[in-house]
Amino acid sequence: MSEWWDDAVVYQVYLRSFADATADGVGDLPGLRSRLDYLAGLGVDALWLNPCYASPQRDHGYDISDYFAIDPAYGTVDDLADVVNDAHARGMRVVMDMVANHCSDRHEWFQAAVAGRPGSPERARFLFRDGRGPGGVLPPNNWQSVFGGPAWTRVMAADGSAGQWYLHSFDPGQPDFDWRNPEVVDYFERVLKFWFDLGIDGFRVDVAHGLIKDAALPDWPGADEGKGDHNYAMWDQPEVHGIYRGWRSIGEGYAPERKYFVGEIWVPSVERLTRYLVDDELHQAFSFDLLVQPWNAERFRGAIERTLAQSAQTGTPAAWTLNNHDVHRSVTRYGQRQDLVDPSPSDMIAAARRIGEVSLQLGTLRARTAVLLLLALPGTVYLYQGEELGLPEVFDLPDDARQDPIWLRSNGAELGRDGCRVPLPWSHDAPSFGFSPPGTALAPWLPQPSSFGKLAVDMQLDDPNSMLALYQRAIAMRGALFQASVGLRWHETGQHELLAFSRGDGTCVVNFGDRPLSLPQGWDLELMQASGADSDQAQVPANSAAWFAGVPADHGAKPGETIEADRRLLETATVYRSQSVREQ
Ligand code: GLC
């Protein structure tokens, strides 16, 4: 059965930085609502909202203090209902973020746990343990948090003496739940129903592989090697699957509506990933393989092939992305040095980062190219707000403006993720570039660089050569040229910097090199659109991509057909799916 997300273009809204309607320098739901026509005009099928629940904002919403409330800075539950209704009226779905590994230390349960005694039911909702060593001065084990530093923090006992320790995979302000406690399971079932009842169409599941820890909380032999990302006692434990079976059955209860779950899942193999994507758990997992690759034809092709093979093996459409709220923006990355080091498979933030001088001109050219490639691929495409404007990573934020816990916990050694979260520019000549309403006294929560002016929405809307116009055209044309669910076949172009593949009625050609490259002899295709200025029927300029109608005859298959290898992969996927349906 085809699903609405199978080939959807989903736009990630980092609400805090999208649009401010309430004149406080912070984006909000009424601001988003007022800009829904812009998103409908861009042509996206769905929105994913980063967490907008009540939160002290230690990790900008990934630290939730009340799962049943919207943060007052963003609006109210009614404001969200308005956004959902208005988005639905424009044909766009709305997906929220579900952060269930941890809450905020301000959550009432955690406050009660800190006030409670060791061994009390209040503490049993979290992972409180006695310390080691004389007087329990050492943490219960040697685990490191993902944000750096120990994964344990000690609380005070009622009499003011030092007490137990609690586990936090991320910041100390984000205590991990104990998901083996049925109270936690029940609580989140209520949370899901609350938002589904409001009309939310699905959830992106934050650190989906993290909810259960090895019950023995064993020391990690690799602790000296760095942060906790690779410590598999913290991640991917077998009992996590029971949680998603429960969530999925809640979603299915809304049939015929199709509630959707996409996971942020970091596991060491496709086999492990597949366990999350069986028919009664999550529908899809993000693929970050392409995102972390340097600008190089072979690397890109390798990541695409791996992701498609993974998609065939898991029987779920690929969920592609080149940008999100955690990584340096693609315009900047592609304008830096492209070292061919092997990206770390699980530390996306570090793996995506590039070093050296930035050429924004080159980076922009390549980012235009990359998005044409992305939108030609089979599966779901996730875009991150601002990439359609070609916004660069902002490196020169003042130290005192930076808010990311990665920056704070590393004492400034790591810049963190603020640079991709700077508020959007809407009007080139308005204060705060139109992010806040006219007359707003407060500056945007992160300062915008002056270079954002020329990238403002109003500058790009009527310019056919703008990044925004390219995104609009490509999203509009995507489905007609590259039909949904049709597999991809590569063409050998004879030039290693020139990648070419066909899908359905279209062919996408990408030149990763620094000089123009000619299409192979005999390709008689019609140019439909290009990322660079000088593409024509015969050649693709340096660092550019072009979409053509038609399919080269080099493999003898008819347009719309998949080649044998693809078909075999797809058949495997189908067999896999029907088996798991039978097992239910
Ligand atoms: C995910 C989010 C990231 C957040 C972390 C902790 O990785 O993408 O922004 O800081 O989870 O919730």
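The values are calculated or read from the model by the stated rules, or taken from the named source; none is laboratory data. Since the structure is predicted, the reported quantities are computational estimates derived from the model, not experimental observations. With ideal geometry, Cβ positions are generated from the backbone for all residues, glycine too; neighbour counts draw on all protein chains shown. Keep in mind that these areas ignore ligands, DNA and RNA; they rest on the heavy atoms of the full protein, side chains included. Shrake-Rupley method; radii C 1.70, N 1.55, O 1.52, S 1.80 Å.
Under a point spin-label approximation (7 Å from Cα along Cα-to-Cβ), what is the PHE395-ALA81 distance to one decimal in nm?
4.8 nm
Which percent of the accessible area of the chain is formed by carbon and sulfur heavy atoms (probe 1.4 angstrom)?
On the way: 11600 of 22170 Å².
Carbon and sulfur together cover 52 percent of it.
With runs of 4+ DSSP H residues as the only contributors, calculate the mean residue ellipticity of the chain at 222 nm using -39,500 (n - 2.57) per run, divided by the residue total and rounded to the nearest 500.
Working: 15 runs with 157 residues, N = 584.
Here the helix-only value at 222 nm equals -8000 deg cm²/dmol.
Compute the distance in nm between two label points, each set 7 Å from the Cα along the Cα-to-Cβ direction, one at ALA350 and one at ASP534.
The two pseudo-label positions are separated by 4.2 nm.
Over the range 108-167, what relative contact order in percent results from Cα pairs under 8 Å that are six or more residues apart?
Values: 90 pairs, mean separation 17.5, N = 60.
For the range 108-167, the relative contact order is 29 percent.
Please sort 477-488, 509-520, 246-257 by packing, taking for each peptide the average over its residues of neighbouring beta carbons within 10 angstrom, highest first. Walk me through the numbers on the way to the answer.
Working: 477-488: 18.0, 509-520: 19.8, 246-257: 14.0.
Order by mean packing, descending: 509-520, 477-488, 246-257.
Of PRO268, TRP295, SER531, which is farthest on the positive side of the dipole of the chain, counting Cα position, with +1 on Lys and Arg Cβ, -1 on Asp and Glu Cβ, and the Cα centre as origin?
PRO268
Please check which bits of the range 171-208 a label hung off ARG272 would reach, taking the label as a point 7 Å along Cα-to-C-beta and the cut-off as backbone N under 13 Å.
Hits in the range 171-208 for ARG272 at 13 Å: 208.
Tell me, what ³J(HN,Hα) does each residue in the range 504-519 have, in order and in whole Hz, if you take phi through Karplus 6.51 cos²θ - 1.76 cosθ + 1.60 with θ = phi - 60° and put x for Gly and Pro?
x, 9, x, 10, 10, 10, 10, 9, 8, x, 9, 9, x, 10, 8, 5
Roll a 1.4 Å probe over the protein chains and send me the accessible area per residue for the range 144-223 in Å².
On the way: 2610 Å² over 80 residues.
Ligands and nucleic acids excluded, the figure is 33 Å² per residue.
Could you tell me the calculated FRET efficiency between SER2 and ALA69, based on Cβ-Cβ distance and R0 = 56 angstrom, to the nearest 0.05? Walk me through the numbers before you get to the answer.
Numbers: r = 36 Å, r/R0 = 0.64.
Once rounded, the FRET efficiency stands at 0.95.
Given the peptides 440-451, 139-150, arrange them by the average over their residues of other C-beta atoms within 10 Å, most packed first. Don't skip to the answer; put the middle values down first.
On the way: 440-451: 15.9, 139-150: 20.7.
Most protected by this proxy first, the peptides run 139-150, 440-451.
What FRET efficiency would be calculated for the residue pair ASP159, GLU108, taking the C-beta separation as r and a Förster radius of 30 Å, to the nearest 0.05?
Working: r = 23 Å, r/R0 = 0.77.
Between ASP159 and GLU108 the formula returns 0.85.
Can you give the extra length, in nm with one decimal, that the chain gains between ASP462 and PHE194 once fully stretched, where that is 0.36 nm per residue apart less the Cα-Cα distance?
Values: separation 268, 0.36 × 268 = 96.48 nm, distance 4.13 nm.
This chain segment gains 92.4 nm when fully extended.
Taking the solvent-accessible surface of protein heavy atoms with a 1.4 Å probe, what is the per residue accessible area of the range 488-558 in Å²?
Accessible area per residue, the range 488-558: 42 Å².
Round to a whole angstrom and tell me the spacing of the C-alpha centers of the range 163-242 and the range 13-87.
Using only Cα atoms to place each centre, the spacing works out to 24 Å.
Tell me the GluC sites (Glu not before Pro) within the range 172-227 that lie in a loop according to DSSP and have at most 12 other beta-carbon atoms within 10 Å.
Details: sites: GLU183, GLU189, GLU225; in loops: none.
Taking the range 172-227 and a limit of 12 other Cβ atoms within 10 Å, no loop GluC sites (Glu not before Pro) are found.
May I ask you to give the solvent-accessible area per residue for the range 1-133, in square angstrom, as obtained with a 1.4 angstrom probe? Show your work: numbers first, answer last.
Details: 4440 Å² over 133 residues.
Here the residues of the range 1-133 average 33 Å² of exposed surface.
Amide H of TRP48 versus every other amide H placed in the peptide plane: which residues, excluding those fewer than 5 positions away on the same chain, fall under 5 Å?
Close amide H contacts, sequence-distant or interchain: TYR11, GLN12, VAL13, VAL95.
Taking only C-alpha pairs under 8 Å that are 6+ residues apart, what is the relative contact order of the chain in percent? Can you show the working numbers first?
Values: 1222 pairs, mean separation 76.7, N = 584.
That works out to 13 percent.
Once the Cβ-Cβ distance between ASP130 and VAL185 is put in as r, and R0 is 45 Å, what FRET efficiency do you end up with, to the nearest 0.05?
That pair, ASP130 with VAL185, gives E of 0.95.
Counting alpha carbon pairs within less than 8 Å and at least 6 residues apart, what relative contact order, in whole percent, applies to the range 146-238? Kindly include the intermediate steps, with their values, before the conclusion.
Values: 94 pairs, mean separation 23.1, N = 93.
In percent, rounded to a whole number, it is 25.
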